[in-house]
Amino acid sequence: MGTPAAFIEVAWRRYTKHSRNKAQEIQGAILPLAEKFRWSNPFLGAVLAGVFTDGSLEQLRSLGFHVLYFPYETLVTAFGAQGIDIQFDERTPDEAFQQCMNKIEAASPATMREVKTHLVNANRKELDAFMASLKQRLDRMVEKVVVIPLYGRSSEFATIDDTLRFLDQHRIYEGSGDFRKYEVLISFTNGDRVEGSFKDKAKVREFLQFISKQ
């Protein structure tokens, strides 16, 4: 409901052999939503815990995701400080898993708050950066609106050389020509930019009204 301001995916992985696949799953789920709501220019976030390769994290960042990553070691240390050993690998027997689960389920609220505090403190820099980026998106305001009415005859060319020859001979002030479209560029205080191309004023008005309500 409403206009989305952020899409944030949460994921856990224990082994590096699964981390790139999970990163691809996240981008496959979120990027189509980001495209659908591109006028909103939503915040894209991924909160990850466990074991993820540098390549998988960079893959998400390169696509515009803000990544908050809690490494496996910080989780083990946070629980270990409260006497709960959550370390495991592919050779860990089911009985050990069950014993660990029982301890977690039986832990008091105070114990879990200590785990949370330890985990947050161990990843404070990354957490603050993630929340600051999210806050910038939620608090952003329109900084500048640029409207460019485009006129001119359309010219098509089969080769780069033909295009360059046209540019050499083209006179910039030879006349306005036919109206083509409006180009609208909106800049926000957090550095975001939203662009749109419209052939009539009604669509431009709809676009601007949509932005004003965010």
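Please tell me if L68 is touching a residue at least 40 places away in the same chain (Cβ under 8 Å) and either under 24 Å from A11 (Cβ atoms) or part of a strand (DSSP E or B) (or both).
Working: touching a residue at least 40 places away in the same chain (Cβ under 8 Å): yes; either under 24 Å from A11 (Cβ atoms) or part of a strand (DSSP E or B) (or both): yes.
Answer is yes for this residue.
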When you go through (1) part of a helix (DSSP H, G or I); (2) over 30 Å from E35 (Cβ atoms); (3) in contact with a strand residue (DSSP E or B) (Cβ under 6 Å, 6 or more places away or on another chain) one by one for F207, which number turns out not to apply?
-> (2)
Picking from E114, E143, the residue that is over 29 Å from the mean Cα position of the chain (by Cα), surrounded by 13 or more Cβ atoms within 10 Å (Cβ to Cβ), at negative phi and not aromatic (F, W, Y) would be E114
Among what's in region 140-191 and is among the polar types (S, T, N, Q) and not in a loop (DSSP other than H, G, I, E, B), pick the residue that is farthest from L208 (Cα to Cα).
-> Q169
Please specify each residue of region 1-22 satisfying the condition of being assigned to a helix (DSSP H, G or I) and either of a type in the set (F, W, Y) or out of contact with any strand residue (DSSP E or B) (no Cβ under 8 Å at 6 or more places or on another chain) (or both).
-> T16, K17, H18, R20, N21
Answer yes or no as to whether S197 is closer than 16 Å to S40 by Cβ and among the hydroxyl-bearing types (S, T, Y).
-> no
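Among residues belonging to region 27-56 that are among the β-branched types (V, I, T) and at pLDDT 95 or above, point out the one that is nearest to A129 (Cα to Cα). Before you say what the answer is, go through the steps one by one.
Filtering region 27-56 for residues among the β-branched types (V, I, T) gives 30, 47, 51, 53.
So of that shortlist, the ones also at pLDDT 95 or above come out as 30, 47.
Numbers: I30: 21, V47: 12 Å.
Only one residue fits best here, namely V47.
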Kindly indicate whether K22 is more than 12 Å from the chain's Cα centre (by Cα) and without any contact (Cβ under 8 Å) to a residue 24 or more places away in the chain.
-> no
Check region 90-109 and report whether any residue there is under 29 Å from S197 (Cα atoms), surrounded by fewer than 19 Cβ atoms within 10 Å (Cβ to Cβ), among the polar types (S, T, N, Q) and free of Cβ contacts under 8 Å to residues at least 60 places away in the same chain.
-> no
Hey, any hits in region 11-25 for a residue that's of a type in the set (D, E) and either exposed (fewer than 12 other Cβ atoms within 10 Å of the Cβ) or in the same structural domain as E206 (by TED's automatic domain parsing) (or both)?
-> no
Here is a list of conditions, (1) small (G, A, S); (2) surrounded by 15 or more Cβ atoms within 10 Å (Cβ to Cβ); (3) more than 25 Å from V194 (Cβ to Cβ), and G55 meets all of them except one; can you say which number that is?
-> (2)
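The values are calculated or read from the model by the stated rules, or taken from the named source; none is laboratory data. Only a predicted model underlies this, so the values are computations on that prediction, with no experimental measurement involved. Cβ sites come from the backbone with ideal geometry, for glycine too, and all protein chains shown count toward neighbours.
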